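Colleague: To start, I am sharing the structure in question, which I have written as structure tokens.
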Amino acid sequence: MAKHHIEAVVNGDAVEFLCETEETLLDVLRDTLHLTGSKEGCASGDCGACSVTLDGRLVCSCLVLGCEAGGRRIETIEGMAKGEALHPLQQRFLEHAALQCGICTPGFLVAAKALLERTPDPTETEVRYWLAGNLCRCTGYDKIVSAVMDTAVAMRKG
Amino acid sequence: MRYEAPESLEGAVALLAGAPGDARVLAGGTDLLVQMRADIVDPELIVDIKKIAETRTVTEEKGAWRIGAAVTGAELKEHLRLKKVWPGVVEAANLIGSTQVQGRATLGGNLCNGSPAADSVPALIAAGAVATVAGPQGKRDIPVEDVMLGPRKLALRKGEIVVSFLLPPRAKSSGDAYLRFIPRTEMDIAVVGAGVSLTIDGGGTITAARVSLGAVAARVLLVPEAAQAIIGSRLDEAAQQRLEAAARAACRPIDDKRGTTEFRIDIAGVLARRAASIALDRARTS
Amino acid sequence: MTMQTYVGTRTIRPDGVDKVTGRARFGADFNLPGQLIGRVLRSPHPHARILSIDTSKAEALPGVKAVVTRDDFGDQPSEFIPAGEMMMNYRDVVRNVMAREKALYEGHAVAAVAATSAAVARRALKLIDVKYEVLPHVIDVVDAMRPDAPLLHEDLYTAGVEPKPEKPSNVAKRVEITLGDIEAGFGKADLIIEREFRTAAVHQGYIEPHAALATVSEDGSTELWTTTQGHFIVRAHCARLLGLDIGRIRVTATEIGGGFGGKTVVYLEPLAIALSRKARRPVKMVMTREEVFKASGPTSGATVRVKLGATKDGKFVAGFAELKYQAGAFPGSPVQPGVMCAFAPYDIEHVNVIGFDVVSNRPKVAAYRAPGAPISEYAVESVVDEIAKKLDIDPIDLRMQNAAREGTKAAYGPKFGPIGLEETLNAIKKTEHWNAPLRKWQGRGVASGFWFNIGGETCASLTVNEDGTVSLMAGTPDIGGLRASLAMVAADELGIPYDKVRPIIGDTGSLGFNFLTGGSRSTFSGSMAIVEAAKQIKTELCARAAKLWELKPDQVEFADGQVKPLGAAADKVKAMSIADFAKVAGKTGGPIGGTGRINAQGAGPSFGTHLVDLEVDPETGRTTILRYTVAQDAGRAIHPAYVEGQFQGGAVQGIGWALNEEYVYGADGKLQNAGFLDYRMPVASDVPMIDTILVEVANPKHPYGVRGVGETPIVPPLGAIANAMEGATGIRFTELPMSPPKVLKALKERGLNGRVAP
């Protein structure tokens, strides 16, 4: 069976790639498009390290087939900073020391961005439940939640 | 491994019916992809049904609601009118996995994965939902409680696809609720799940009810005895105790890594009662 | 005294931007042109003799470039060597990376292949024909100690027992420490509490799976990129296992996605090198999450008996404990540190602790954050709490009364120097949290914890660049902010701006030997090496200035980032900054730099006290953590935010260990929950904010007073949560995890379950 030829938009850029049916979007991003910011922690949708948005919807890229991406708009961690400017979430993750080893960080940032786009004024509980699919083993979540809450305040003030 | 994404039901049915080897329907993929990765399934053909319009829409039909089998949990959550009428069904769908999984997981997939612990299934059964199935012989309707026969075993014939679910018109003063027990707050498979849908009269007496339990037997159970235990009551203490006892009596669970037999039976009673209480509150304020 | 402009502040970490933009490269993010993908065939049996391995069909599969089995690794003699805070034996290491005579646990590596794609490699694994003779298995530690238990190693005789046992057994070692006269001690006690506890095996749970990329050239030169806590250790192990010269192997530590002790040993690295050597192409290997659970880590499950005696006014007079720790398939559980730590927080005259290191058909345990200590200290802290209840003494006061302090002789040997246990107890007692009201079914628990911390061989360098910026190179992988801490120390030592110091982790060819990141040692030891390197630079610059200014060496000094002339000379010449010197480096003696090569001594123990509130649902047995406060002695917090992060992360790992995490085995000896779905680590919605109190009792042996902080935070949670459970339910739980089925069962047995009264 020939590979699928897929055209999609990744971080605003038109891309095309070939993939086997069984290759996931995460495989394609990492191995074919060399966007290794999305991480594979479990390959079963339980850790969130591979979080991306697909047409604006937060998903685990390990649970999407590469061939499902045709004609879709994908945003990854690599597209989060604009030019020289970090996204406010990225900046506050640094300021709050909201990362230790950093392996889960891209997934948390992509997920938190999706949260704040829908819920600009989340409660701590909303932040915690929204991010429950992103595992972090280093921080105990405290500084991550603080960074997200603080970013929400700052972004509301504009 | 072939991948097809037909735009018509007929196309999908033809592909599935004509597949020489194992063929799988891909809706949200949150179970299928995991099983492929774990070498549990190795299909020859994958039929993605998300391009078929009927699987992707939520429509009101004379007071009834039809939900496409490939509508995601996240989309259901954003459907405010549906959520108002069937909060328990929407909540149950929203308990499947994380926010990320919600972006993909569907009611059709949750049912057809064939797990007795599927979160949305007890809620659908309690709601009296009917699955509309399309196949080589055309369409047919199956009550949701009859779709699953046992773990990974469905009453679907080769080539058949669950297209949508029909939630019946809602009597006034009705409410539904779904609760599940997990050790954590998120991300676990239900150790026990309980769905309750009920209707009350002007005096607050329960006139109709359906109770469904998940993860306590080889398939999700509809428990008429549990419903009978509260019909005619105002969910007073005695009715609550009858409900708990009836729910527990229906359980035929297994011991596994997620919970013991004894624990599951205990919890089934607790959750049935708590879900009934929430459903009752909703009926009162609906 | 050096000006501390940066030490003690919350700087932005230098590696931070790469980590928030996805640029940082972790183990699986490295690739080489022409690389092959390596996969491991693992035993489906928990215990089986390997009769034969036929790889011919796999080798014949198009795309397969190399297959390795036990035949590709020479046997090793029995020799124990330090590995992190544990010991290891090369005879066992070679058998753990690739099974030889027997497969000793489900998931034990039996063969590995390298192929042109992952799909081909997977197909090749299915073509390898392994003939097993399945043997009876044993999983539980107590079962494994029975005389009739299936034997894992026919030649394993219990060490530490005189005379040597006549028969082999699964008990690898017996260890014992004694202080005073234990029988006499219990004779003085008015109250003796004796309890037996059980804990489950738990995994370190790092989010990044093990990954390695190796390339071996025709002349045997080997390069390896791997996610590890110690690339120098990996180099040593690979050289030994593969018969290579250490100098031929260059190992680069990639960014590491968590380790917690689990990345202190080798799994994939020797296989990747062996495959690459055979295939003459680069080989990349990455574990699946299932492989991580089945074949790496975890730490021991254990059975612990504790007996503690106190006088009626609360003075502890005698402590006895017996520890039986799972080692996994090969000897080497952390029972020794478990023994040493058990009563370490307390000043007790008579102590006797006995430990047993027991093998069973589980993956070989690896270090996990204060290895061994959480288990034994959990048991002791539970009994301490029970004594407080029985004697009606406030649990903090009771701990305070018996707390180890400066001058206390620890049962494991040394006399403590200045330590901060009392300060942490005081800090907790002063919190609003300690006095906040509780409702029915809510409980509050307190527990203290201890960990030694270590120093060890460390090498770090500072190089002054042409423009006066400074390149810092450290040789211990940075897991949680090491580069930030070392750059802050370097900036303060040299009196230059923090952002002028650029720290990196050097590969094994760039620096002298570094012991691994473990034992809470990297900030402690690394900062000592940086201080030494900075001193060399300052001395060198002073010498150059004296020569340049034609002054005697004692007429110049280094202060505030400048070399200054002293006395009368001060009017004649202008002070020179490091940047000034950088410009004229060539003319004044060449490049400027310093290298600290030390064996860091004087690691100060760190004590902590945790306070937790929780609520139990009496109908379901489910526990919710409501509130949590950590107080710990950091000595001196170089970067307070990352120290707090260690406290918070350790506490939450402890919450997981106490409530839900466990290795679940079936009767078939197979692991049933090898994934994040059913191995239940805490998620964000499971925990509250973790409040922290930084206690700073300076470590006098460190130039800045630093103590290691990374491990102690996982020690107190188990006891604190068990004590809070007792407060909430009135039941003393003696088995971890305190998962809902267990809690509900205990409530039911006492008739306590049921609905909360409205």
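Colleague: If I go through region B:20-39 residue by residue, how many of them are under 23 Å from residue C:122 (Cβ atoms), modelled with pLDDT of 95 or more and of a type in the set (Gly, Ala, Ser)?
Modeller: Counting residues in region B:20-39 that are under 23 Å from residue C:122 (Cβ atoms), modelled with pLDDT of 95 or more and of a type in the set (Gly, Ala, Ser) gives 2.
Colleague: Can I ask one more? Taking only pairs six or more apart or across chains, which ones have beta-carbon atoms under 6 Å, a first residue in region A:116-130 that is more than 14 Å from chain C (Cβ to nearest Cβ), and a second residue that is part of a helix (DSSP H, G or I)?
Modeller: Qualifying pairs under 6 Å: A:116/A:152; A:120/A:156.
Colleague: Have a look at C:650, C:645, C:654 and point out the one that is over 27 Å from residue C:384 (Cβ atoms) and within 18 Å of the chain's Cα centre (by Cα).
Modeller: C:645
Colleague: Could you list all residues from region C:238-270 that are aromatic (Phe, Trp, Tyr) and closer than 18 Å to residue C:475 by Cα?
Modeller: Scanning region C:238-270 gives a single hit, C:260.
Colleague: Could you check region A:116-141 and list, in sequence order, the residues that are surrounded by fewer than 22 Cβ atoms within 10 Å (Cβ to Cβ), in contact with an Asp or Glu (Cβ under 8 Å, 6 or more places away or on another chain) and assigned to a helix (DSSP H, G or I)?
Modeller: A:129
Colleague: Right, here's the next one. If a residue has to be within 14 Å of chain A (Cβ to nearest Cβ), crowded, with 24+ Cβ neighbours inside 10 Å and outside any helix (DSSP H, G or I) to count, how many in region C:267-295 make the cut?
Modeller: 2
Colleague: Which residues, taken from region C:16-32, are in a loop (DSSP other than H, G, I, E, B) and either buried (at least 22 other Cβ atoms within 10 Å of the Cβ) or hydroxyl-bearing (Ser, Thr, Tyr) (or both)?
Modeller: C:22, C:24, listed by residue number.
Colleague: Just give me the residues in region A:47-85 being in contact with an Asp or Glu (Cβ under 9 Å, 6 or more places away or on another chain), part of a loop (DSSP other than H, G, I, E, B) and not small (Gly, Ala, Ser), in sequence order.
Modeller: A:47, A:50, A:72
Colleague: I need the full set of residues from region C:49-81 which are exposed (fewer than 13 other Cβ atoms within 10 Å of the Cβ) and not hydrophobic (A, V, I, L, M, F, W, C), in order please.
Modeller: Hits for region C:49-81 are C:52, C:56, C:62, C:71, C:74, C:75, C:77, C:78, C:79.
Colleague: Does region B:59-80 include one or more residues that are part of a loop (DSSP other than H, G, I, E, B), in contact with a Lys or Arg (Cβ under 8 Å, 6 or more places away or on another chain), farther than 30 Å from residue B:258 by Cα and more than 14 Å from every other protein chain (Cβ to nearest Cβ)?
Modeller: Looking for residues that are part of a loop (DSSP other than H, G, I, E, B), in contact with a Lys or Arg (Cβ under 8 Å, 6 or more places away or on another chain), farther than 30 Å from residue B:258 by Cα and more than 14 Å from every other protein chain (Cβ to nearest Cβ), one finds at least one in region B:59-80, hence yes.
Colleague: Go through region C:170-266 and tell me which strands (runs of 3 or more DSSP E), entirely inside it, have 2 or more residues that are modelled with pLDDT of 95 or more and within 29 Å of residue C:77 (Cβ to Cβ).
Modeller: Here the list reads C:171-179, C:211-216, C:222-226, C:249-253.
Colleague: In addition: Could you check how many residues of region B:59-69 are out of contact with any Asp or Glu (no Cβ under 9 Å at 6 or more places or on another chain) and surrounded by 24 or more Cβ atoms within 10 Å (Cβ to Cβ)?
Modeller: 1
Colleague: Is it the case that some residue within region C:557-567 is at pLDDT 95 or above, assigned to a loop (DSSP other than H, G, I, E, B) and of a type outside the set (A, V, I, L, M)?
Modeller: no
Colleague: Sticking with this structure for a sec: Are there any pairs with C-beta distances below 6 angstrom linking a residue in region C:572-584 that is touching a residue at least 60 places away in the same chain (Cβ under 8 Å) to a residue that is charged (D, E, K, R), with the two at least 6 apart or on different chains, and if so which?
Modeller: Short answer, once both residue conditions are applied: C:582/C:466.
Colleague: Separate question: Which of the residues spanning region C:185-206 are within 15 Å of residue C:261 (Cβ to Cβ) and in contact with a helix residue (DSSP H, G or I) (Cβ under 9 Å, 6 or more places away or on another chain)?
Modeller: Across region C:185-206, the qualifying residues are C:202, C:203, C:204, C:205, C:206.
Colleague: Yes or no: region C:150-161 includes at least one residue that is among the hydroxyl-bearing types (Ser, Thr, Tyr), within 27 Å of residue C:317 (Cβ to Cβ) and modelled with pLDDT of 95 or more.
Modeller: no
Colleague: Give me the pairs: first residue in region C:89-101 and under 21 Å from residue C:113 (Cβ atoms) and in contact (Cβ under 8 Å) with a residue 40 or more places away in the chain, second residue surrounded by fewer than 23 Cβ atoms within 10 Å (Cβ to Cβ) and acidic (Asp, Glu), beta-carbon distance under 9 Å, and six or more apart or on different chains, which are they?
Modeller: C:94/C:75; C:95/C:75; C:95/C:101; C:98/C:72; C:100/C:75
Colleague: Would you say residue B:85 is under 15 Å from the mean Cα position of the chain (by Cα) and modelled with pLDDT of 95 or more?
Modeller: In short, no.
Colleague: Checking the condition β-branched (Val, Ile, Thr), within 26 Å of residue C:9 (Cα to Cα) and at the interface with chain C (Cβ under 9 Å from one of its Cβ atoms), which residue from A:103, A:77 passes?
Modeller: Only one candidate passes the filter, namely A:103.
Colleague: On to the next question. Would you say residue C:604 is in a loop (DSSP other than H, G, I, E, B) and under 27 Å from residue C:466 (Cβ atoms)?
Modeller: no
Colleague: Among the residues in region C:636-657, are any more than 8 Å from every other protein chain (Cβ to nearest Cβ) and on the phi > 0 side of the Ramachandran plot?
Modeller: The answer is no; no qualifying residue exists.
Colleague: Considering only region C:658-688, state which residues are within 7 Å of chain A (Cβ to nearest Cβ) and either outside any loop (DSSP other than H, G, I, E, B) or among the small types (Gly, Ala, Ser) (or both).
Modeller: Scanning region C:658-688 gives C:675, C:684, C:685.
Colleague: Hey, another quick one. Out of C:504, C:530, report the one residue that is closer than 25 Å to residue A:102 by Cα, of a type in the set (A, V, I, L, M, F, W, C) and surrounded by fewer than 22 Cβ atoms within 10 Å (Cβ to Cβ).
Modeller: None of the others qualify; the one that does is C:504.
Colleague: Suppose we keep only residues that are surrounded by fewer than 23 Cβ atoms within 10 Å (Cβ to Cβ) and assigned to a strand (DSSP E or B) within region B:27-58. Which one would you say is nearest to the other protein chains (Cβ to nearest Cβ)?
Modeller: B:48
Colleague: For residue B:115, only one of the following conditions fails: (1) in a helix (DSSP H, G or I); (2) of a type in the set (S, T, N, Q); (3) under 30 Å from residue B:228 (Cβ atoms). What is its number?
Modeller: (1)
Colleague: Looking at (1) within 14 Å of another protein chain (Cβ to nearest Cβ); (2) within 26 Å of residue C:217 (Cα to Cα), which is the one condition that is false for residue C:40?
Modeller: Evaluating residue C:40 over (1) within 14 Å of another protein chain (Cβ to nearest Cβ); (2) within 26 Å of residue C:217 (Cα to Cα) leaves (1) as the failure.
Colleague: Would you say residue A:97 is away from chain B (no Cβ under 13 Å), more than 18 Å from the chain's Cα centre (by Cα) and touching a residue at least 40 places away in the same chain (Cβ under 8 Å)?
Modeller: yes
Colleague: Does region C:408-421 hold any residues that are over 25 Å from the mean Cα position of the chain (by Cα) and under 22 Å from residue C:706 (Cβ atoms), and which are they?
Modeller: Selection gives C:408 alone.
Residues are listed down the side, and each one gets a yes or a no for (1) under 26 Å from residue B:44 (Cα atoms); (2) within 13 Å of chain C (Cβ to nearest Cβ):
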{"site": "A:21", "(1), (2)": "yes, yes"}
{"site": "A:26", "(1), (2)": "yes, yes"}
{"site": "A:34", "(1), (2)": "no, yes"}
{"site": "A:37", "(1), (2)": "no, yes"}
{"site": "A:51", "(1), (2)": "no, yes"}
{"site": "A:55", "(1), (2)": "no, no"}
{"site": "A:60", "(1), (2)": "yes, yes"}
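The values are calculated or read from the model by the stated rules, or taken from the named source; none is laboratory data. Note that the structure is predicted; figures quoted are calculated from it, not measured. FYI the Cβ positions are ideal-geometry reconstructions off the backbone, even for glycines, and counts take in every protein chain you see.
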